[in-house]
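We did not get these values from a lab; they are worked out from the coordinates using the rules stated. Everything numeric in this text was worked out from a predicted model, so none of it was measured. Ideal geometry is used to build each Cβ from the backbone, glycine not excepted, and the neighbour counts take in all protein chains shown.
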């Protein structure tokens, strides 16, 4: 067991966690960032931006910047102010008493405050080609990547509100958007269904699932199967957006922190505070509305300031 009691431990190292690290480090709180493992798809250092290519909508980079490079810069900035990093996966927590404990394998890190920024992961189709083509024609975020698909034929997989939102947004850029859904009607709310059906750029492939993706370096098409007839065909799309949902990385906190039914952590309105005083949450682990790097960074700033003020109120500032 580690003997030192730190002011703050940050679990997760995406835009939210690293922004929290920058702010808490500058406040002389000597944060330890448990950044995850490189081999983990759900808990890797740098978060989801490590899986993207070019980021064009993060302020301050008019020419765009590669997602991994942006996260390296975040990390270097946090290190410059004294943040420490542990490249490992948190395996357990005990928030029942002070100091809080965060287990990393057999080692226990103790802290007066904890910031949870473990993020969320996009649900994928489970196809072998997905890791290779993600960021190369395959995406999970229309607002992030839609601009790259001007004048193209692209597909959106899914049938809920999020899928309709993605498809509608993408019609600003694409010549045609084909929604692929495994059922014979959309699951989306009535107003969203009406919006999709009224859009002349949106077409529908009902009772259909994607079974393979074509292309080695970039997406060149999708192999689809009719779930009723069993017939297969190739859809000649150069872009595909998977919109079948997200899963917050909150398994570690079940029964410890309050969660919504969909697993996202509950924070007080306008705050990063959780139901446990001294434990704060920020980024996609508690935000299922915006899910952007810039909003995650902003909430990381909020968590750091909330944390600093809480520690000061406890006499540790």
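Which value in deg cm²/dmol, rounded to the nearest 500, describes the helix-derived mean residue ellipticity at 222 nm for the chain, given -39,500 (n - 2.57) per DSSP H run of n ≥ 4 and division by the residue count? Walk me through the numbers on the way to the answer.
On the way: 7 runs with 74 residues, N = 317.
-7000 deg cm²/dmol, from helical runs alone.
If I stretch the segment between residue 172 and residue 26 completely, what's the gain in nm (0.36 nm per residue apart, minus their alpha carbon distance), one decimal? Before the final figure, lay out the partial values.
Values: separation 146, 0.36 × 146 = 52.56 nm, distance 4.16 nm.
Working it through step by step, the gained length comes to 48.4 nm.
Where does each of 147, 173 land when they are ranked from fewest to most other beta-carbon atoms within 10 angstrom?
Values: 147 15, 173 19.
Lowest count first: 147, 173.
Apply 1/(1 + (r/R0)^6) to the Cβ-Cβ distance of residue 182 and residue 98, taking R0 = 51 Å, and write down the FRET efficiency to the nearest 0.05.
Working: r = 49 Å, r/R0 = 0.96.
Computed FRET efficiency for residue 182 and residue 98: 0.55.
Computed FRET efficiency, Cβ-Cβ of residue 258 and residue 190, R0 25 Å: what is it to the nearest 0.05? It would help to have the intermediate numbers written out before the result.
Numbers: r = 31 Å, r/R0 = 1.23.
With R0 = 25 Å, the Cβ-Cβ based efficiency is 0.20.
Relative contact order, percent, of the chain when contacts are C-alpha pairs under 8 Å separated by at least 6 residues? List each step's numbers first, then the result.
Numbers: 737 pairs, mean separation 65.5, N = 317.
This gives 21 percent for the chain.
Please list, short to long, the whole-number percent of alpha-carbon pairs of region 164-317 in consecutive 10 angstrom bins beginning at zero.
Spelled out per bin, shortest first, that is 9, 27, 25, 21, 13, 5, 1.
To the nearest µm²/s, what D does Stokes-Einstein give for region 203-277 at 25 °C and 0.890 mPa s, using the Kirkwood radius over alpha carbon pairs as Rh?
On the way: Rh = 16.1 Å.
For these conditions, the coefficient is 152 µm²/s.
Just the number, please: percent antiparallel of the DSSP beta bridges in region 145-274, rounded to the nearest 5.
Working: 11 of 24 bridges.
Of the beta bridges lying entirely in region 145-274, close to 45 percent run antiparallel.
Fewest to most neighbouring Cβ within 10 Å: what's the order for 284, 261?
Numbers: 284 29, 261 5.
Least to most surrounded, the residues fall as 261, 284.
For the chain, take the longest principal axis of its alpha carbons; what is the angle in degrees between that and the long axis of helix 67-80, to the nearest 10 within 0 to 90?
On a 0 to 90 degree scale, this one is about 10.
If R0 is 45 Å, what FRET efficiency do you get for residue 216 and residue 88 from their C-beta distance, rounded to 0.05?
For residue 216 and residue 88, the calculated efficiency is 0.85.
Considering Cα pairs under 8 angstrom that are at least six residues apart, work out the relative contact order of region 124-242 and quote it in whole percent. Present the calculation step by step, with values, prior to reporting the outcome.
Working: 255 pairs, mean separation 38.0, N = 119.
Computed over region 124-242, the figure is 32 percent.
From largest to smallest, what semi-axes in whole angstrom does region 124-242 give when each is the square root of 5 times an eigenvalue of its alpha carbon gyration tensor? Could the numbers behind the result be given before it?
Numbers: eigenvalues 81, 63, 28 Å².
That gives 20, 18, 12 Å for the three semi-axes.
In nm, to one decimal, how far is the residue 123 label point from the residue 56 one, both placed 7 Å along Cα→Cβ?
3.0
Relative contact order for region 261-317: what is it in percent, counting Cα pairs under 8 Å that are at least 6 residues apart?
Working: 59 pairs, mean separation 17.7, N = 57.
Across region 261-317, relative contact order equals 31 percent.
Out of every Cα pair in the chain, what percent are spaced more than 23 Å from each other?
On the way: 29181 of 50086 pairs.
I get 58 percent for the Cα pairs in the chain exceeding 23 Å.
Could you line up 172, 89 from fewest to most neighbouring Cβ atoms inside 10 Å?
Details: 172 11, 89 19.
So the residues, fewest neighbours to most, are 172, 89.
Using label points projected 7 Å from each Cα along Cα→Cβ, tell me how many nm separate residue 4 and residue 271, to one decimal.
The modelled label-to-label distance comes out at 3.0 nm.
With everything on Cα atoms, drop me the angle between helix 161-170 and the longest principal axis of the chain, reported from 0 to 90° to the nearest 10.
Long axis of 161-170 versus the principal axis of the chain: about 70 degrees.
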